[in-house]
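The values are calculated or read from the model by the stated rules, or taken from the named source; none is laboratory data. It should be emphasised that the depicted structure is a prediction, and the values quoted were computed from it without experimental measurement. All Cβ positions, glycine included, derive from the backbone under ideal geometry; neighbour counts span all protein chains shown. Accessible surface areas use protein heavy atoms only, side chains included; no ligands, DNA or RNA. Shrake-Rupley method; radii C 1.70, N 1.55, O 1.52, S 1.80 Å.
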Amino acid sequence: VWEAIVGFDPQVFIWLGDNVYGDNKRPSRVFGRERTVGPWRNVPRFYPATEEELRGKYELAKANPGYAKLRERARVIGTWDDHDYGVNDAGKEYSGKVFSQRLLLDFLDEDEDSPRRKQAGVYASYMFGPEGKRVKVIMLDTRYHRDPLLSDGAILGDPQWQWLERELRGPQSEMTIIGSSIQ
């Protein structure tokens, strides 16, 4: 797929999550000691990777020759979803989110002094194009502050909502694209 993407000669490539499947998955089992599906489920199907396992998966993805070619030719930006955040359907309760954030930003070649490395979450905004043809890309983080599934809680958290309101007010662009890892 990377050769096909490079063939379009993109200026920007945007990851929208599940950039790597960093978590681990047990086999589907209805019976036995570890039951991962069905009414007698007693262990979760997905469980978090260690920091070393997640780092290795990012390194493997980054070493792909086609992806390396894309990184040479285009700006690569992105956000995460559950599997590269740490574990299936995880939210703010995930204990590995700090190292997961660092590893994602390393994968994206984010500058060491980037504000994304100092904030809680990977949300960011980018401006592309010349004056009069500017495109703003806003990347949301739907994991770091998300309350548990099936609750009436938040997805973005207050700091990200405040940031998003500021981003939507300015600086202005001719087009604004909002990227999210969820539909």
Output for region 5-33, where each listed residue is more than 16 Å from the chain's Cα centre (by Cα) and open to solvent by 80 Å² or more (accessible area, probe 1.4 Å): Phe8, Asp9, Gln11, Lys25, Arg29, Phe31, Arg33
Residues of region 128-155 classified as of a type in the set (A, V, I, L, M, F, W, C), in a loop (DSSP other than H, G, I, E, B) and out of contact with any Asp or Glu (no Cβ under 7 Å at 6 or more places or on another chain), total: 3
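Quick grid of which residues meet (1) at pLDDT 95 or above; (2) out of contact with any helix residue (DSSP H, G or I) (no Cβ under 7 Å at 6 or more places or on another chain); (3) hydroxyl-bearing (Ser, Thr, Tyr); (4) within 30 Å of Val135 (Cα to Cα):
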site	(1), (2), (3), (4)
Glu3	yes, no, no, yes
Trp15	yes, yes, no, yes
Arg33	no, yes, no, no
Glu53	yes, yes, no, no
Gly56	yes, yes, no, no
Glu59	yes, yes, no, no
Residue selected from region 98-108 under the condition among the aliphatic types (A, V, I, L, M) and touching a helix residue (DSSP H, G or I) at 6+ places or on another chain (Cβ under 7 Å), by the criterion surrounded by the fewest Cβ atoms within 10 Å (Cβ to Cβ): Leu105
Scan of region 130-159 for residues that are more than 14 Å from the chain's Cα centre (by Cα), touching a residue at least 40 places away in the same chain (Cβ under 8 Å) and surrounded by 14 or more Cβ atoms within 10 Å (Cβ to Cβ), ordered by number: Arg134, Val135, Lys136, Val137, Asp147, Gly157, Pro159
Region 160-182, subset open to solvent by 70 Å² or more (accessible area, probe 1.4 Å) and in a helix (DSSP H, G or I), residue farthest from Gly78 (Cα to Cα): Arg169
Selection count where residues are crowded, with 22+ Cβ neighbours inside 10 Å and under 20 Å from Phe13 (Cβ atoms), scope region 109-129: 3
Residue within region 7-27 that is in a helix (DSSP H, G or I) and either over 22 Å from Ile155 (Cα atoms) or not hydrophobic (A, V, I, L, M, F, W, C) (or both) present: yes
Which listed residue, of Gly91, Gly66, Gly78, is touching a residue at least 24 places away in the same chain (Cβ under 8 Å) and in contact with a helix residue (DSSP H, G or I) (Cβ under 7 Å, 6 or more places away or on another chain): Gly66
Whichever residue in region 34-67 is in a helix (DSSP H, G or I) and in contact with a strand residue (DSSP E or B) (Cβ under 9 Å, 6 or more places away or on another chain) and, among such residues, is least open to solvent (accessible area, probe 1.4 Å): Tyr67
Region 35-63, residues that are within 22 Å of Ser114 (Cα to Cα) and in contact (Cβ under 8 Å) with a residue 40 or more places away in the chain: Glu51, Leu54, Arg55, Tyr58, Lys62
